[in-house]
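Some notes on the structure that comes next.
The numbers here are math on the coordinates, done by the rules we state, and not lab data. No experiment lies behind these values; they were computed from the predicted model shown. Counting neighbours? That spans all protein chains shown, and the Cβs are built from the backbone with ideal geometry, glycine included.
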Amino acid sequence: MFMKKIGEGSTSEIFELDDSHILKLYHKKEVGKAKYEASIALEINALNIPSPRFKGILEVEDRLGLVYEKVEGLNLLEAVRKYPNKIKFFGGLFAEVHWGLHNLSLEKLQSTKSVLEKNIKMSPCLTVDLKNKSLEMLRNLPESNLLCHFDFHLKNVIITAKGPVVIDWACVMRGAPIIDVLVTSFYLRKSFFGTNPIFKAYIDRYIELSNVSLEEIESWKFPLMAALTNIWNISVRNQLLHEIDVVIHS
């Protein structure tokens, strides 16, 4: 079967099946992630989230793939680069889409707190003291069953003729939306807070919609960074460890 490759990530490759469908083909070692995404794809669609319709599973050469409807349009990163004078608008739109997700819940999803706890314990970068401090802070943070995309960055929002569509639900969890906002903030800034214009437009609009304070958002920062040292690749770990050091000595 010939398929045109149109994209690639760390866990999968994206192929065009035909004019209307794409195949997200996971690498062999990522079968667990493929099965998780497949297990929740129809339920994500059922929430009426603006997301690609899931069409089924396709196995290709011992690799598990998920078939989705093809989504046409610019992603938000492409849109920002093409229309730099509209950064404030795009940042606000990004926040509005995110806030919309955070008003939904799906109890069968894995818990952000349990995932963070597991990764803090497994991190090879943290001392025992840092692990204990991170876990203590994590346990004191509130529980929630609200939807957290956990990979919500500019490339994962497509501007279509019918409006924004959110793609790539492989990391979706349930938990406090603040954690999702922090992950997105890191993507936008490559550090947690600052004056980057797209980040500022996003965070200002999100705070306006949610009535959450910057202090509340930052309360997740330490345990999240600790967990990300085991989740994200090695090229980001030094930056995360630097951020942790800054928090400890502030």
Sort F2, F94, F150, F89 so that the residue with the fewest other Cβ atoms within 10 Å of its own Cβ comes first and the one with the most comes last. F2, F89, F150, F94
The chain: calculated mean residue ellipticity at 222 nm from DSSP helix runs of at least 4, using -39500 (n - 2.57): -14500 deg cm²/dmol
Size of electric dipole in region 100-250: Cβ of Lys, Arg +1 and of Asp, Glu -1, about Cα centre, debye, nearest 20: 360 debye
Helix 197-210: angle to the longest alpha-carbon principal axis of the chain, degrees 0 to 90, nearest 10? 80 degrees
Can you sort S134, S39 so the residue with the fewest Cβ neighbours within 10 Å comes first? S39, S134
For K113, the lysines lying under 28 Å Cα to Cα, once residues fewer than eight places off in the same chain are dropped, come out as K24, K28, K29, K33, K35, K121, K131, K133, K155, K190, K200, K221
Relative to the longest principal axis of the chain, what angle (0 to 90°, nearest 10) does the C-alpha long axis of helix 234-248 take? 30 degrees
Please identify, among H27, H153, H102, the residue showing maximal mean-square fluctuation in a Gaussian network model of the chain using a 10 angstrom Cα cutoff. H27
Compute the acute angle (0 to 90°) between the alpha-carbon long axis of helix 87-101 and the principal axis of greatest extent of the alpha-carbon atoms of the chain; round to the nearest 10°. 90 degrees
Give me C171, C148 sorted ascending by neighbouring Cβ count inside 10 Å, so fewest comes first. C171, C148
Expressed as a percent, the portion of alpha-carbon pairs in region 73-179 spaced more than 15 Å apart is 68 percent
By how many nm would the segment from L104 to E61 grow when fully extended, if each residue of separation counts as 0.36 nm and the alpha-carbon distance is taken off? 11.8 nm
State which stretch of the chain is the longest one without any exposed GluC sites (Glu not before Pro), exposure meaning a DSSP loop state and at most 14 other Cβ atoms within 10 Å. 144-250
Counting other Cβ atoms within 10 Å of each Cβ, which trypsin sites (Lys or Arg not before Pro) in region 142-240 have at most 15 and sit in a DSSP loop? K162, K190
Coordinate range along principal axes, alpha carbons of region 4-69, Å, largest first: 31, 28, 19
